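Asks: Okay, handing you the structure first.
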Amino acid sequence: MKSFPSMLICAAVLLLAGCGRAGGPADAHGHAHGDGHAEAGHDDAAEGTHGGRLLETHGRAVELAIAEDGAPPRFRAWLYRDGKPLPPGAGRVEVTLTRLGGAVERHLLSAQADGSLGGADVVAEPHSFDVLVEATIDGEPLRFAYESYEGRTRIEPAIAEEAGIRVAAVGPGVIADEHEMQGLLTPVEGRTATVMARFPGPIRRLDAQVGDRVRAGQRLATIESNLSLTDYAVTTPIAGTVLSRQATVGGVASEGMALFEIADLSTIWVDLHVFGADAQHLRPGVPVTVTRMSDGVAAQTVLDRILPGTATASQSTVARASLDNADGLWRPGSAVRARITVEQQPAERVVPLSALQTFRDWDVVFVRVGDTYEVRPVELGKRDDRQVEIRAGVATGDIVVVEQSYLVKADLEKSGAAHEH
């Protein structure tokens with residue numbers, strides 16, 4: 001039986017399967033390779049001698065392909081008259097590409113030594129565009145237009161909404177070098193006090209319990225001195241919270257007996273255990289986010305110091321930060337999680353990690369224009385645990401899928417819109 005999440009995923013894919021797609025007869029796309037083989041398009045377009053798309057009218061023809069042969073892809077063309085090849089000097093070819101979103105590229109092809117015409121500019125992936133071919137053969141102008149789409153699909157807004165597909169604009173951000181670790185809360189040294197009996201005698205009264213907040217000089221207990229047979233007050237030398245009480249009414253206190261432990265918890269230490277090489281990246285002053293494991297509440301602070309010793313039991317280095325604890329909710333002995341930010345580097349373009357997918361052998365995101373989604377190969381830079389820098393492939397302001405991007409990938413693969421190289 002499928003789990004509930006698995007059923008949701010299946011339902012979402014089925015929803016997308018019903019969308020209109022960029023497919024059918026318009027999806028022709030020919031690529032010529034070094035071995036002369038061309039990748040077949042999805043329509044009935046004629047194929048030329050070199051495996052490219054054959055564009056023909058009135059006895060004159062242009063065979064157009066995208067040549068790769070181990071090099072970046074560029075346009076190649078061959079000219080024909082009445083089915084016979086012509087030298088490249090017999091005409092000219094210019095290819096205009098209009099990509100999703102309206103960007104226009106022009107590729108002027110010039111004569112090559114092997115008898116073809118070739119473009120100087122790389123045809124960037126994806127090879128998905130509206131194509132306009134303008135040529136002249138023996139002075140006669142020719143014009144051809146067709147669609148060549150790959151990695152493109154259309155998803156109705158209502159279906160995208162129901163499937164949970166969300167988009168956001170590519171924009172600037174900050175990539176953080178962060179380290180996750182755990183630790184314990186401890187009282188600040190020098191802000192604790194042990195309250196003791198000065199003289200032996202029976203304990204007549206106790207005025208504080210564990211958890212009470214007390215002020216400096218406040219009476220905590222009354223003891224009858226065995227020496228003077230008079231009562232004396234036991235007071236706290238500091239303000240703070242009662243952490244422990246080792247006395248009972250009617251018990252007998254000995255001289256110097258510890259009765260109470262008091263700690264000023266208005267500020268508390270966070271001792272974080274750092275393992276291995278992580279300690280080499282830390283330095284005082286870097287930001288720290290501390291999260292209580294009990295309820296998930298987080299607080300911001302900075303790293304105070306790296307202690308010189310090593311924790312004996314765990315063989316870890318201790319990194320210490322301080323937390324304001326005016327509300328008293330950060331309790332000594334509690335376990336916490338922490339994220340230490342070692343470095344923050346601004347980036348011109350970032351996307352959430354959830355936007356990334358693989359398509360063929362590329363890292364990609366999916367750009368949305370209107371109701372149409374198209375794959376975009378991207379060059380990645382630095383990343384952290386939430387987002388990644390995009391160095392090339394999309395522009396600032398492009399709208400990309402940031403949630404459920406795998407559903408768009410699945411729809412492309414299911415529709416056959418992924419043109420295989």
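The values are calculated or read from the model by the stated rules, or taken from the named source; none is laboratory data. Only a predicted model underlies this, so the values are computations on that prediction, with no experimental measurement involved. For neighbour counting, all protein chains shown are included, and Cβ atoms are generated from backbone atoms with ideal geometry for every residue, glycine included.
Asks: Considering only the range 187-238, how many residues are surrounded by 17 or more Cβ atoms within 10 Å (Cβ to Cβ), of a type in the set (D, E, K, R) and modelled with pLDDT of 95 or more?
Replies: Number of matching residues: 1.
Asks: Let me ask you something else. Of the residues that sit in the range 48-76 and are of a type in the set (Asp, Glu) and in a strand (DSSP E or B), which one is surrounded by the most Cβ atoms within 10 Å (Cβ to Cβ)?
Replies: GLU63
Asks: Among (1) without any contact (Cβ under 8 Å) to a residue 24 or more places away in the chain; (2) closer than 28 Å to ARG213 by Cβ; (3) part of a strand (DSSP E or B), there is one condition ILE262 misses while meeting the rest; what is its number?
Replies: (1)
Asks: Is the range 322-339 home to any residue that is in a strand (DSSP E or B), within 20 Å of VAL388 (Cβ to Cβ) and not assigned by TED's automatic domain parsing to the domain that holds ALA395?
Replies: yes
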